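What follows is a single structure, written as structure tokens, with notes after it.
The values are calculated or read from the model by the stated rules, or taken from the named source; none is laboratory data. In this text the structure is predicted, and so the values were computed from the model without any measurement. A quick note on method: Cβ atoms are made from the backbone with ideal geometry, for glycine too, and the neighbour counts reach across all protein chains shown.
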Ligand SMILES: C[S@@+](CC[C@H](N)C(=O)[O-])C[C@H]1O[C@@H](n2cnc3c(N)ncnc32)[C@H](O)[C@@H]1O
């Protein structure tokens with residue numbers, strides 16, 4: 001069973017059972033889909049890089065509690081005078097902690113979501129020119145000659161993005177089927193839902209949502225086209241699944257929404273690109289900290305770090321939140337933190 005940030009955001013009854021037996025059609029679905037591939041989405045739009053001030057109205061409230069924050073700060077082993085990169089600044093929670101730890105630390109902050117970046121700029125304004133902001137996908141970032149002493153990537157979507165109803169990340173708000181983190185990109189969830197063929201859709205939902213009822217769901221989506229809002233899609237999925245599946249631990253649309261979001265934002269591809277590039281961005285001895293929220297991401301991070309000649313893995317097992325943190329912030333429940341250290345060309349720290 002997938003444990004994901006989407007589940008955190010959309011769970012309807014965490015106490016209820018999720019043991020819904022599959023009917024024979026669903027078992028056949030599951031077996032048939034185990035080795036299918038999904039079509040690739042179009043190339044990412046060119047990244048926009050912006051330093052300094054942003055000219056737009058105040059961003060909406062950005063409510064997001066940074067997860068595993070003490071563990072991240074300890075794991076990065078912050079150095080006085082160090083240069084750090086927050087590849088996913090979001091609301092700036094982790095960045096604020098990094099900057100507060102020592103007045104000589106400087107930080108570069110990236111986010112592909114313009115609204116999130118504005119929120120971060122506001123939140124971190126008291127640190128003045130110690131912070132530099134770039135609006136870009138981390139996969140497209142080019143640090144030039146700069147090298148960092150530590151890099152953090154806190155993957156996925158923030159609580160705030162789930163809560164901004166108009167962005168279409170959650171079916172808790174009826175909104176256009178969008179799901180783009182970077183609103184300069186053209187591909188939206190509506191494009192996928194309304195144009196992909198049934199098999200491609202089923203494969204997507206199965207692979208990125210780990211949804212065993214993917215074929216039924218894809219069939220119903222195709223029958224019900226065009227779908228333009230999150231509410232319509234959630235309703236369609238609700239009626240596509242057996243009754244026993246409708247009132248489980250999570251809403252039956254949760255995994256399909258996760259799959260669409262991953263595809264729209266090419267989340268796994270950009271993570272792989274980041275992991276390929278990031279060794280060149282770190283000084284020897286520099287630390288890389290990555291927080292993932294579902295098994296698909298964590299698997300990629302785990303293998304990339306283990307197989308890389310440039311890293312010494314510090315966390316043999318991922319660091320997970322304490323019960324206390326989960327009680328205070330349910331979203332932390334599925335977080336996994338992995339940390340590695342950049343070694344030099346000779347394999348030394
Ligand atoms: C989980 S939030 C980060 C929260 C942040 N650590 C904090 O303490 O507020 C993830 C952020 O990363 C951004 N993001 C996700 N994938 C990205 C990517 N490939 N490139 C740049 N930003 C990305 C999202 O827009 C979101 O704002």
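If you go through segment 94-113 and keep only what is within 9 Å of the ligand (Cβ to nearest atom) and under 20 Å from residue 274 (Cβ atoms), you end up with 94, 95, 110, 111, 112, 113. Taking the condition more than 15 Å from the ligand (Cβ to nearest atom) and either under 18 Å from residue 233 (Cβ atoms) or crowded, with 22+ Cβ neighbours inside 10 Å (or both), does residue 177 pass? Considered against the rule, which asks whether it is more than 15 Å from the ligand (Cβ to nearest atom) and either under 18 Å from residue 233 (Cβ atoms) or crowded, with 22+ Cβ neighbours inside 10 Å (or both), residue 177 comes out as yes.
The rows are residues; the columns are (1) assigned to a helix (DSSP H, G or I); (2) within 16 Å of the ligand (Cβ to nearest atom); (3) crowded, with 20+ Cβ neighbours inside 10 Å; (4) modelled with pLDDT under 95.
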{"residue": "286", "(1), (2), (3), (4)": "no, no, yes, no"}
{"residue": "290", "(1), (2), (3), (4)": "no, yes, yes, no"}
{"residue": "298", "(1), (2), (3), (4)": "yes, yes, yes, no"}
{"residue": "312", "(1), (2), (3), (4)": "no, no, no, no"}
{"residue": "317", "(1), (2), (3), (4)": "no, no, no, no"}
{"residue": "324", "(1), (2), (3), (4)": "yes, no, no, no"}
{"residue": "338", "(1), (2), (3), (4)": "no, yes, yes, no"}
{"residue": "345", "(1), (2), (3), (4)": "no, no, no, yes"}
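Taking the condition buried (at least 18 other Cβ atoms within 10 Å of the Cβ), within 12 Å of residue 257 (Cα to Cα) and in contact with a strand residue (DSSP E or B) (Cβ under 6 Å, 6 or more places away or on another chain), does residue 168 pass? Yes: the conditions hold for residue 168. When both residues are 6+ apart or on different chains and their Cβ atoms are under 7 Å apart, which pairs have a first residue that lies in segment 80-99 and is in contact (Cβ under 8 Å) with a residue 40 or more places away in the chain and at positive phi, and a second that is within 7 Å of the ligand (Cβ to nearest atom) and in a loop (DSSP other than H, G, I, E, B)? From segment 80-99, the pairs are 90/64; 90/158.
Out of 139, 116, one residue alone is within 9 Å of the ligand (Cβ to nearest atom), surrounded by fewer than 24 Cβ atoms within 10 Å (Cβ to Cβ) and under 19 Å from residue 262 (Cβ atoms). It is 139. Reported count of residues in segment 151-198, each being over 20 Å from the mean Cα position of the chain (by Cα) and in contact (Cβ under 8 Å) with a residue 60 or more places away in the chain, is 2. All conditions but one from (1) over 17 Å from residue 91 (Cβ atoms); (2) more than 11 Å from the ligand (Cβ to nearest atom); (3) surrounded by fewer than 20 Cβ atoms within 10 Å (Cβ to Cβ) apply to residue 205; the one that does not is (3).
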